[in-house]
Structures are given as structure tokens and as C-alpha cells.
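One structure is given below, encoded as C-alpha cells.
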Amino acid sequence: MSSSTKYIFVTGGVTSSLGKGIISASLAKLLQGRGYSVTIQKLDPYINIDPGTLNPYEHGECFVTNDGAETDLDLGHYERFLNVSTSQANNVTTGKIYQSVIEKERRGEFLGKTVQVIPHITDEIKERIQILGNSGEYDFVITEIGGTVGDIESLPYVEAVRQMLWEFKRRTLVIHLTLIPYLKAAGELKTKPTQHSVKALLELGVQPDILVCRSEYHVDRAMRKKIALFCNVEPNAVIESLDASSIYEVPLLMQQEELDKVVLEKLNLPHEGEANLVEWLHFLDRLKNPKSKVTIGLIGKYIELKDSYKSIIEGFHHAGAANECSVNIEWIHSEKLTDDNVAYRLKDLDGILVAPGFGSRGIEGKILAIQYARENDIPFFGICLGMQCAVIEFARNVLGLRDAHTTEIDAATQNPVIAIMENQKDLTQKGGTMRLGAYACDLTKDSRSAEAYGSQKITERHRHRYEFNNDYLEAIEAKGMIAVGKNPDTGLVEVVEIPDHIWFVGTQFHPEYKSTVERPHPLFISFVKAAIRKKKSTLV
Ligand code: GLN
């Protein structure tokens with residue numbers, strides 16, 4: 001149905017961090033709730049090819065898709081809201097655009113022409129936007145333009161939008177997200193920054209159809225009329241977006257504001273009735289009315305920027321709601337854990353999660369936390385580096401291999417229980433070369449993981465270079481840590497468990513990427529259940 005796919009562009013003005021990703025995902029949810037198929041795409045104006053080589057402190061977590069794209073964390077929101085997988089095509093950066101255009105130039109595809117931002121870069125952007133539309137799978141493609149209107153680096157994207165508005169006419173729509181700040185001294189909301197940011201868009205030839213106004217206070221009718229007058233939009237197309245207590249409230253707020261109705265009306269589509277959000281409301285109800293509460297320690301080294309662990313945090317929201325339990329995350333910096341304080345810091349936790357990561361900073365703290373969880377029968381969940389640390393801890397403290405390590409950190413160790421994968425050894429390029437994306441895993445019958453999944457055949461997403469060294473498998477299993485999940489083709493260990501423990505699971509893959517509102521992740525559900533059990537047992 002590519003000839004009828006509608007393109008909705010979401011731009012941002014005034015400041016960054018207004019939540020374009022959540023607004024895009026919320027609109028998509030409302031359209032999906034009306035029976036439409038929708039996908040969301042993020043265009044990032046930075047020059048990195050993808051966020052895979054970015055430090056998490058820059059933009060937070062790197063989200064990984066089934067087909068192995070390392071992407072912006074907004075794609076995680078899209079998947080969590082829509083319960084539909086994204087792919088390579090859903091995240092485009094300036095780096096990717098230029099790389100592709102330059103490769104074409106080298107192949108001589110431009111037939112001697114001068115290669116320029118317009119039309120060559122803008123053509124490439126338009127092509128990337130249409131890949132999803134032309135797949136025939138979607139009624140709507142929502143394209144979020146990263147950055148803020150007026151930035152030099154986002155100019156080619158806004159220009160590509162302008163051209164598409166012209167070429168696709170009635171099949172396109174622009175939503176501009178802005179801020180209405182409250183000036184305490186004046187005691188007033190101010191519309192001027194919004195007027196200016198719309199003017200900046202107009203200078204680039206783009207007239208927004210709808211304004212979504214982030215505000216800390218109610219934007220009343222009179223103010224909406226004023227904004228409408230100055231910005232050439234209809235008053236009902238000025239939508240208020242108040243701060244919400246949870247991102248999962250935003251689809252409801254947008255429904256109350258009739259964002260979906262206005263969008264459909266402007267695209268000449270039927271707009272009667274309401275989106276069906278029954279499942280969503282159930283989830284919200286469970287999220288907001290927990291019957292119990294647990295505290296999980298999240299041990300990581302990037303905890304100053306919580307966005308570094310976005311999917312894990314959301315995984316706990318989903319699994320908490322599934323258990324009607326509020327999951328309180330206690331943030332623990334792995335660099336600050338020592339022999340002397342570990343017991344004091346961890347003793348009141350109902351569960352301990354050791355996070356993914358790279359490099360040596362904070363690694364010994366992670367290992368100490370795992371030893372404490374193992375020896376004190378506290379539910380433990382290790383993800384990727386967290387799983388690798390669990391193997392190192394077990395080798396050191398149970399097998400007595402004092403120098404056991406991962407070759408990522410100690411290349412000369414005599415006991416490389418975690419080692420670089422064979423096909424990674426000769427790679428020199430860092431970007432996009434890890435073991436990425438979905439791989440199959442077979443689980444042992446009767447394992448805790450198989451029980452949680454209700455299946456022995458699973459696929460999960462990966463992002464790593466190092467692996468469990470199978471030379472140590474027999475010795476490790478003989479002492480009680482069992483490799484219950486393996487890749488059926490390569491034999492790579494994917495999951496380890498200690499059956500003789502309340503709940504001790506380490507996964508080489510990243511389960512958090514697949515947790516959605518509609519399908520909370522089975523391992524997160526099972527881990528939270530174990531934490532509830534643990535808490536009850538310590539109360540009696
Ligand atoms: N640094 C480890 C590896 O590359 C773990 C990666 C991760 O935690 N995502 O294997």
C-alpha cells in the first residue's frame with residue numbers, strides 16, 4: 001500500500017529533551033489502537049554512523065534491533081509502546097547518509113555531476129524515509145527529526161521534509177513540538193519562544209500543521225488561540241502536553257487532547273470514535289496500584305546518567321506491573337563497592353542486577369556484588385558483562401582460580417574464563433563489528449529460564465565481543481554453575497544458572513531490549529517474583 005502510506009514528521013523547537021520520542025510513540029500507539037499499522041523512524045543529525053561507538057554518557061543507552069542495528073534509545077520507546085520490532089531502516093544518522101552518498105560517488109553513480117547537499121544528500125534522506133513506506137507494511141510512517149529546528153546540522157533534514165511535503169502533498173503532516181515556559185517572576189506562561197521557533201521552521205519553508213506544546217501548567221483556550229493566530233495553525237491543532245508522572249500516561253494525555261483525531265482529520269481519514277487502549281489501561285492500572293514493593297540494586301558504572309540503562313529500567317516497570325509490584329531501583333556505583341562496604345550497601349536489597357558494560361572501570365565492584373548475592377542467596381540477574389562477571393566470580397571464589405578474568409581486561413590471565421570470540425580476533429574496526437542482533441538459544445529443560453519463558457527455544461539480542469570459554473565448562477558445571485542456554489549452531493554459552501540458589505541467572509544476551517508493555521520479559525518477571533519471595537522470606 002505504499003501509494004497510500006502517510007508520512008508524519010515530528011520536529012522539535014526551543015530546546016532539546018522535550019520528549020519527541022515519547023510524543024511520537026504515543027501518537028503511534030493511538031493510531032495503532034484505531035487499527036492502523038504504524039512504524040516510527042528516528043533521523044539523528046550527528047555524524048557518527050551509529051551510536052554503537054558512543055560512550056553512554058553522550059546519549060544514553062545504545063538500543064539494539066533484531067537485525068543488529070545499534071541505534072538511538074528512542075527506538076526502545078517505539079518498540080515498548082507499539083510491541084512491533086524496529087530495524088536498520090528505523091534509525092538514520094548524518095554519518096550514514098554521507099557514507100552512502102560518498103560510496104555512490106566513488107562508484108561513479110552520479111555520472112560526473114557535482115555532488116551537493118541539495119539534491120544528493122536530501123535525496124538520500126528522502127529515500128531513507130521512504131524505505132519504510134515502500135515496504136507496504138505500514139499505513140503510517142512517523143519520522144522524528146532529532147535535534148532542534150535552527151541547528152545547522154538538522155538543516156538538510158528539514159529541507160528533505162519540505163521537499164516531501166511538496167511531493168506527497170496530502171499524504172504528509174508536520175507536528176512541531178515546542179516549549180511554553182513558565183516565568184516565575186511574571187507568574188505567566190510565555191508563548192514567544194514557540195512563535196520564534198515556528199518562524200524558524202517557516203524560514204525553511206515548512207509550515208507545521210500541529211503544535212504540541214510542552215508545559216508545566218495548563219495552556220488555556222485563550223493562549224491556544226493566540227498561539228494559533230501567530231503560528232498559522234487552527235486552535236484545535238494546538239495541543240497541550242503537560243508533564244506526566246510516567247511516560248506511559250502520555251498516550252492517554254494525547255488522547256484527551258485529541259491529537260490522533262486532529263491528525264486523522266488533517267489527513268482526510270475517518271476520525272470518529274476512540275482508539276482502543278484497553279490493554280494499555282490494564283497495564284497502567286497495575287503499574288499505579290502495586291500490592292507489594294521490592295528494592296533491586298542496579299550495579300553499574302554509568303549510573304550518573306540513568307538513560308544509560310533505559311531498557312533495563314523499563315523492563316522493571318513492565319515486570320513490576322505484571323507482578324503488581326512496585327520495583328524500586330537502588331542505584332549503586334560499581335566503582336564505589338569495596339570489600340569493606342559491600343555487605344553494608346547490599347544487605348537490604350531484595351535482588352541484585354549487574355549491568356552490561358565495557359572495559360575495566362568498576363569491574364571488581366561488580367564481582368564483589370555478585371559474590372555477595374551468591375553467598376547470601378539474594379536473587380541475582382547478570383546481563384552481558386554482568387553474566388561474564390558472574391562466571392569470573394565463580395571461577396575465582398568457588399573453583400579457586402584466583403586470577404580468573406576476561407581477556408577484555410586482563411589479556412595475560414592464566415585463566416581466561418571469558419575470552420574473545422574467534423571471529424572477533426582479527427577485527428580492527430570498532431563500529432558495528434560486535435556480535436549484534438538476534439541469535440537463537442536452546443534452553444535446558446527444567447532450567448529456571450526455560451520455566452520462565454515457558455519454552456526451550458528462544459531468540460534474544462546480543463551486543464558483545466567476548467564469550468564464556470568452553471574450556472572451563474566442565475569444571476564450572478561440576479561445582480554447580482550450569483550453562484542452561486546455548487546457541488544451537490555454535491555452542492556458545494548464552495545463559496548460566498546456579499540451580500542451588502534462590503534465583504541466579506546470567507545471560508550473555510540482553511533480554512531488556514525485548515521487554516514491552518504488552519509483553520513484559522519473562523526473565524524480568526521471574527526475577528521480580530524471586531525478589532518478592534526473598535522479601536517475604538526475610539520478613540518472617
Ligand atoms: N564488554 C563485554 C563484551 O564485549 C560485554 C558487553 C556488554 O555488556 N554489552 O563481551
### Query
Taking neighbour counts of Cβ atoms within 10 Å as a proxy for exposure, in what order, fewest first, do His282, His510, His176 appear?
His282, His510, His176
### Query
Based on the Cβ-Cβ distance from His271 to Asp151, what FRET efficiency comes out when R0 is 56 Å, to the nearest 0.05?
0.95
### Task
Just subtract the alpha-carbon distance of Trp166 and Glu188 from 0.36 nm times their residue separation and send over the number in nm, one decimal.
4.1 nm
### Peptide ranges 501-509, 157-165, 54-62 listed from the most packed, as the mean C-beta count within 10 angstrom indicates
501-509, 157-165, 54-62
### Summary
Charge dipole of the chain built from unit charges on the beta carbon (Lys, Arg +1; Asp, Glu -1), centred at mean Cα; most positive-end Cα among Ile525, Val64, Thr148 is Thr148
### Task
Determine the relative contact order of the chain: mean sequence separation of Cα pairs under 8 Å and six or more apart, normalised by residue count, in whole percent.
15
### Task
For the stretch 108-123, just list the computed ³J(HN,Hα) in residue order, Karplus coefficients 6.51, -1.76 and 1.60, θ = phi - 60°, integers in Hz, with x standing in for Gly and Pro.
x, 6, 9, 6, x, 6, 6, 8, 9, 4, 10, x, 6, 5, 5, 4
### Query
From a point 7 Å beyond the Cα of Asp500 in the direction of its Cβ, which residues of the stretch 478-494 have a backbone N at a distance under 19 Å?
478-484
## Note on the structure
Within the chain, the percent of DSSP beta bridges that are antiparallel, given to the nearest 5, stands at 30
### Summary
Helix 192-203 sits off the longest principal axis of the Cα atoms of the chain, rounded to the nearest 10 on a 0 to 90 degree scale, by 80
## Note on the structure
Expressed in angstrom and rounded, the centroid-to-centroid distance over alpha carbons for the stretch 411-466 and the stretch 490-519 is 11
### Query
In nanometres, what is the gap between the two model label sites at Tyr344 and Asn236, each 7 Å from Cα along Cα-to-Cβ?
6.3
### Task
Place +1 on the Cβ of every Lys and Arg and -1 on the Cβ of every Asp and Glu in the stretch 380-493, take the dipole about the Cα centre, and give the residue among Val391, Cys441, Gln414 whose Cα lies farthest towards its positive end.
Cys441
#### Entry: Where labels lie 7 Å past Cα in the beta-carbon direction, separation of Gln99 and Lys336 in nm
3.8
#### Entry: Per-residue ³J(HN,Hα) for the stretch 65-72, Karplus 6.51 cos²θ - 1.76 cosθ + 1.60, θ = phi - 60°, Hz, x for Gly and Pro
8, 4, 8, x, 7, 9, 10, 5
#### Entry: Förster-model FRET efficiency, 45 Å R0, Glu203 and Asp410, C-beta, rounded to 0.05
0.20
#### Entry: the stretch 10-95 - charge dipole about Cα centre, Lys and Arg +1 at Cβ, Asp and Glu -1, debye rounded to 20
480
### Task
Rounded to the nearest 10 degrees, what's the angle between the helix 221-231 long axis and the longest principal axis of the chain, both from Cα atoms, 0 to 90?
70
### Query
By how many nm would the segment from Val278 to Arg402 lengthen if fully extended, with 0.36 nm per residue of separation less the alpha-carbon distance?
39.2 nm
### Message
What does DSSP give for the stretch 147-257 in terms of the percent of beta bridges that are antiparallel, rounded to the nearest 5?
### Response
15
### Message
Rounded to two decimal places and with Rh computed the Kirkwood way over Cα pairs, what is Rg over Rh for the chain?
### Response
1.00
### Query
Going by average Cβ neighbours within 10 Å, how do the peptides 385-392, 437-444 rank, with the highest at the top?
385-392, 437-444
### Query
Taking 0.36 nm per residue of separation and subtracting the Cα-Cα distance, what length does fully extending Arg519 through Arg533 add?
2.8 nm
### Summary
Rounded to 0.05, the calculated FRET efficiency for the beta carbons of Asp489 and Asp446 at R₀ = 22 Å is 0.40
## Note on the structure
If amide H atoms are modeled at 1.01 Å from N in the peptide plane, then the residues at a separation of 5 or more from Lys6, or on another chain, having amide H under 5 Å from its own are Phe140, Val141
#### Entry: Among 284-296, 108-120, the order from most to least packed when residues are scored by Cβ within 10 Å on average
284-296, 108-120
### Query
Distance from the Cα centre of the stretch 261-338 to that of the stretch 41-101, in angstrom?
20
### Query
Using 7 Å Cα-to-Cβ label points, what is the Lys457/Asp285 separation (nm, one decimal)?
3.6
### Nearest-ten-degree value, helix 94-106 long axis tilted from longest Cα axis of the chain
80
### Query
Out of the DSSP beta bridges found with both residues in the stretch 387-540, what percent are antiparallel (nearest 5)?
90
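Read-outs: derived from the displayed coordinates by stated rules, not from any lab. Owing to the predicted nature of the structure, the values given are computational and were not obtained by experimental measurement. Note that we place each Cβ from the backbone using ideal geometry, even for glycine, and neighbour counts take in every protein chain shown.
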